[in-house]
1. State to the nearest 20 debye the size of the charge dipole of segment A:368-514 about its Cα centre, where the only charges are +1 on K and R beta carbons and -1 on D and E beta carbons.
2. Debye sum, Cα scatterers, segment A:208-363, no solvent: what log₁₀ I/I(0) at q = 0.10 1/Å?
3. Which value, to two decimals, describes the C-alpha radius of gyration of segment A:363-416 once divided by 2.2 N^0.38 Å?
4. Regarding segment B:36-135, what's the average projected area of the Cα-atom convex hull, expressed in nm²?
5. Could you give me the percent of Cα pairs per 5 Å distance bin for segment A:158-295, shortest bin first, beginning at zero and ending with the bin that holds the maximum distance?
6. Partner chain Cβ atoms within 10 Å, averaged over the residues of B:32-39 - can you pull that number for me?
7. Sum -39500 (n - 2.57) across every DSSP H segment of at least 4 residues in chain A, then divide by the residue count to get the 222 nm mean residue ellipticity, nearest 500.
8. Report the Stokes-Einstein translational diffusion coefficient (µm² s⁻¹, integer) for segment B:98-141, Rh taken as the Kirkwood radius over Cα pairs, at 10 °C with viscosity 1.306 mPa s.
Amino acid sequence: MKIALLSALLLLALAAAPAPAPQTAPAAPAAAAPAPAGAPDAGTPSSAAPATLPQKVDPKLFDEAWTLYNTANYKEAARRFYAYVEAMPQTDDNYPWAQYFLGQSLVRLKLTHAGAYYLARVVRERANPLVVPRALDGLRELIDLPHDETMVDEQVFAALDLGSVEGETGDYSNYQQGLLDLRAGNERWANLHFDKIPKGTVAASRARFATLVTRLKEFKDAREVNQELIQSFWDLGHDMKLSLETRNEALMAAARLRYEKKDFQGALDAYAQVKLPPLDPGQATLYLEEAWTRYNLGQIHASMGILNTLNAPSFRDEFLPDKYLLKAMIFKDLCHYLPAKRAAKELTRKFAESLETIRTRDDLTRDLRMVRAAAAIGSTRRAYRFYAALQLEGENLGRYAGSFGDRLYGHLNRLYVLAVAEAQRVYEARLKESVRQEADKLVRAAEQVRLMDYEVGLKLYERIKRGSKITKDIEEPPLDPKEVAFPFDGEYWNDELRAYRVSLKSRCIEGAQE
Amino acid sequence: MKEWIVSAALLLPAVALAQAEELENPGRVAAVQERVYRMNQELSLGIGTLPLDAFYKGFGPQVTYTFHFSDTFAWQIGRGMYSYPATTSLRQQLERDFGVLPTAFEVVQWMAGSDLVWSPIYGKTSFLNQQVLHFEAYASIGGTLIKTNSQFRPALDLGVGVRVFSSKFVSYRLDVTNNVCIPLKFPVVNVLNVPTIVLSVALNFGSPE
């Protein structure tokens, strides 16, 4: 009877108060009555092996755990909430709350996957309509971190009917459901979900971005993409509701499309709009693409400067075979044949092991350089980040072995072992495909470099004809009064990475007469 | 003749080495950036000291107004400093034990002047590998009128200073200046050096464009 009264008061309090606190919690932790003599204390760690069956618990254990949670003692709170969840039937009024607070305690202990597991359970079971929106909010806060996409995005946000959920969580749910339809190739169904998202919200902008990316796939050749689509990407790149990362992705998409359509100046404008956080080194691909664009615009000194950027320690391990090719091309254009030859050979020298792996048809996933490159892109990157995060959390779990007690620790240990195994499987499956793409890229670059090496060899031994003279140099832009030059002495500064310029004179000879 | 041959023999490998280096690694690299901080009209408020005189130390506020013609050249149109004298124990001893009159000590009360400022050094430095601080260093030359407790004295001043930029509108200056008073009663040479050290906050107004 007391329990029923407690639960009724709890529900009333929850309905009235913004905080999800079961207000019937005891006044102070000290007042929380210990388990009656003879009754087992499920929360106390036991040195004995965990019993097969969970021990019975006093319903007051929930109040005790709740008090501990409110005093930020998440370790002890998690142990008690777990004991409660394990022992009580699912029909218990506090059962979903216990799951919810167990999830939140684990999230606060940086065991986000375990936390997400319990929050997702609350949403899937839907035992208490008051807890579900809070659990969804909790899950939404985790989506920017590496997380289990299947468990959170697909099985919760995309699969469940969450029509009653409003606000940002509801918007995100509609976005995920639309995204799932887009991936399945059904844009019409996707739009039904996207249309439910209020205009001007973050989710609406993300939905627009997802739609644009999907539409891109309709074009077999990037040169066929219409201006309207490019403009849409450009507009999204300036949509401040999107995260900086997504805005940059949109701008880079616009830049790439303009580049393919040979609108190099437009592409350069888009690359220039890509904003980096202060002192952030940025992405190697951004620099390399900008270097190619500038090369095509005839700005070879600026292009060479960007290639210098790619030698910075932040990018030394990047997989950029194109870099050597572009460097060789610039040197060749300025008739610096020896450096051109050396730049061309540098590619085959640096990637000798990877090229050998490809040639001998060995397992590409054993080549560390290519694996690192493949793990840095797209869905493989996400899978790798989640796999790495799980491993780290699994290791951190050991710190709580004592305070969690055998049962919770053993349970979480099994949870993490299974999750790590699954994350590894997903990562390896994606890696296999990504590493092939990287290998293709390397082989293409190596072929072009060999051709370049041959052409440079011919030029190197070309006979200089009588009357030849040195060609006029490509003029380097003079220093603007607003500008300041810091000569490079081998020390890379992050704030200078986009500003290097190389002064290089042409050694070409023209006007030959027989 | 022999010396010429020896010199040539010693120099030629160095020249050849330089050429080989140029062939191997051609080009020079520089980071060309837009100057982040540019000054236009500057009002600075500071606090300074006159630390040199053995008989008193001066402390007081300083106000300046500067117009920057370019990033390297400026005219500090007006500079005014008030000095509150704090007598030293030496002066107190002289007055107390040896009956020296207080009027015997020449004490600076205030000074005003104008200077030309040349700032050839603009740079940046890293703070704890987390933040980039921009600074400039400059030299100044100008004239000062010094009011002492007994007379007005014209002076020529030479100074150096450093400015650390905090934002486009706020910077901090440290100025070290020596005012050399020009002797007026020839042939009596009565050179008075009045060095000042001033730490100030400078507010930048207007656009340099």
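1. 500 debye
2. Here the Debye-derived log intensity ratios amount to -0.44.
3. Normalised by 2.2 N^0.38 Å, the Cα Rg of segment A:363-416 equals 1.56.
4. The directionally averaged projection comes out at 9.0 nm².
5. P(r) over segment A:158-295, rounded to whole percents: 2, 10, 18, 18, 19, 13, 11, 6, 2, 1, 0.
6. Partner Cβ neighbours, averaged per residue: 5.
7. -19000 deg cm²/dmol
8. Translational diffusion coefficient: 105 µm²/s.
Since every read-out is calculated from the coordinates, none of them should be taken as a lab result. In this text, all values refer to a predicted model and were calculated from it rather than measured experimentally. Neighbour counts are summed over all protein chains in view; Cβ atoms, including those assigned to glycine, are modelled from backbone coordinates with ideal geometry.
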